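Please read the structure below before turning to the comments.
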Amino acid sequence: MNRKLKVLMSLLIVFLFAFQLCAVAFAQGNDADTQKPDPIRYTNIDSYNYDCYISGLKIYANASLTAKRSMYLSITIELQKLKSGDYEPIESWSDSKTGITMSLNADRLINLLATYRIKVTFNAGGETVTAYAYP
């Protein structure tokens, strides 16, 4: 095999690897977007939104929930840390109220060398949605 062909093959492999990473990221979607649940499955939940990010030595998590009418609402944010291949809970924050909308914000100091995610549980009138976000 000549040198030009080897270089071309190497570049092709790098391009395909980068393309695969982009495809996986795209398939996971953007968790920060407002999520509209299936209207057939949910009669109480209208929309929910969640996000997390790291800034400095802290992780920040935000979640909001909108119901179709006034009812009991609750949000739980659970910070999880990757340990031995599994995510383990570190800390959780919860709030509840009766109404149409609510939001919950949380933050915590973290170890920048560890891997984290948040698990958010939304509840409106007994209907529950669980979502995950990765900083």
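The values are calculated or read from the model by the stated rules, or taken from the named source; none is laboratory data. These figures come from a predicted structure and were not determined experimentally. A quick note on method: Cβ atoms are made from the backbone with ideal geometry, for glycine too, and the neighbour counts reach across all protein chains shown. Quick note on the areas: whole protein, heavy atoms, side chains included, nothing else; ligands and nucleic acids left out. Shrake-Rupley method; radii C 1.70, N 1.55, O 1.52, S 1.80 Å.
Below are the figures for this structure:
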{"item": "Exposure of Leu109 as accessible area (Å², to 10), given a probe of 1.4 Å and all protein chains", "result": "110"}
{"item": "Accessible area (Å², 1.4 Å probe, nearest 10) - Tyr132", "result": "80"}
{"item": "Relative contact order (%) - criterion: Cα under 8 Å, at least six apart; region: segment 34-113", "result": "29"}
{"item": "Fraction in percent of alpha-carbon pairs per bin - 10 Å, segment 95-135", "result": "20, 47, 25, 9"}
{"item": "R0 of 22 Å, Cβ-Cβ distance Lys83-Ser47: FRET efficiency to nearest 0.05", "result": "0.10"}
{"item": "Cα radius of gyration and Dmax for segment 41-98 (Å)", "result": "14.4, 43"}
{"item": "Net charge of Cβ neighbours under 15 Å - reference Asn111; Lys, Arg +1; Asp, Glu -1", "result": "+2"}
{"item": "Proximal charge balance of Ser70 [Cβ under 15 Å; K/R count +1, D/E count -1]", "result": "+1"}
{"item": "Pair Thr115, Ile100: separation of 7 Å Cα→Cβ label points (nm)", "result": "4.2"}
